[in-house]
Amino acid sequence: MSQEQSRPRRAPSERRQSSGTTNVNSTLSIIIAVLAVLLGFFILRDIRNDQTGQTTVAATEPVVESTETTVGEVVVPTTLVLTSFKIQVTNASGISGSAGQLTTELQGRGYIVQPANNKSEITPKQTVTVVYYLLGSEQAAAAVANALGGVGIAAMPEPIPTETGNLGEATVLILLGTDVAGKPLGTGAAVSVPVVPAVTTTTG
């Protein structure tokens, strides 16, 4: 007997079983890989959705706060530079020296104030202090009126009620009445009216 004849031969069924096992293993590996990819995809999608949701919530909260802040900023007046305008204090109270006293107090608070003067002869004595302004100086007038305790403001009347009939370089005029005259700045019994009608004095 030759050596080839003495070697046992594999039966065909054994070969088929061996190749079948290999095929099953390959199929299982592919299925597991596909499942792993799908599982990873779903996990990543959930994570991204969670992060997107958190980002949306986080971005929404400051927007609400920002809106409230904006509303608050509209109500609050813009910061005013006190040296950006000049004031004229005119005594219409009949209380001697009160316009000079107010001028000094306003200067001490940082305002630029021209030398005090008196009302014109045709302007009646005032019991209520009013802050008048030239066009474009409304905010300055409001700041001055607030410093005086909240007195009223109005557009500049014609003629201008000073003894000279003009304002010099001033754009804001305090026509000083008895309610504020001679009292410490900001503690006068001022009228709490933001805007009052302009007074036009006529001769005759």
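The values are calculated or read from the model by the stated rules, or taken from the named source; none is laboratory data. Worth saying up front: this structure is predicted, and the values here are computed from it rather than measured. Neighbour counts run over all protein chains shown; Cβ positions are idealised from the backbone, glycine included.
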Study note, to complete from the structure: Scanning the stretch 142-156 for residues that are modelled with pLDDT of 95 or more and not in a strand (DSSP E or B) gives Met156
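I need the full set of residues from the stretch 104-150 which are of a type in the set (A, V, I, L, M) and either out of contact with any strand residue (DSSP E or B) (no Cβ under 6 Å at 6 or more places or on another chain) or farther than 22 Å from Thr178 by Cβ (or both), in order please. Lay out the reasoning, then the answer.
Applying the first criterion (of a type in the set (A, V, I, L, M)) to the stretch 104-150 yields 106, 112-113, 116, 122, 128, 130-131, 134-135, 140-145, 147-148.
Scanning the stretch 104-150 gives Ile112, Ile122, Val128, Leu134, Leu135, Ala140, Ala142, Ala143, Ala147, Leu148.
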Check your understanding: Given the structure, is Gly188 surrounded by 19 or more Cβ atoms within 10 Å (Cβ to Cβ), at pLDDT 95 or above and under 24 Å from Ile95 (Cβ atoms)?
Key -> no
Practice item. Restricting attention to the stretch 77-111, report how many residues are surrounded by 15 or more Cβ atoms within 10 Å (Cβ to Cβ) and touching a residue at least 24 places away in the same chain (Cβ under 8 Å). Key: 19
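If I go through the stretch 129-141 residue by residue, how many of them are surrounded by 19 or more Cβ atoms within 10 Å (Cβ to Cβ) and among the hydrophobic types (A, V, I, L, M, F, W, C)? Give the steps one after another, and end with the answer.
So in the stretch 129-141, the residues surrounded by 19 or more Cβ atoms within 10 Å (Cβ to Cβ) come out as 129-133, 137, 140-141.
From what is left, the residues that are among the hydrophobic types (A, V, I, L, M, F, W, C) are 130-131, 140-141.
So the count comes out to 4.
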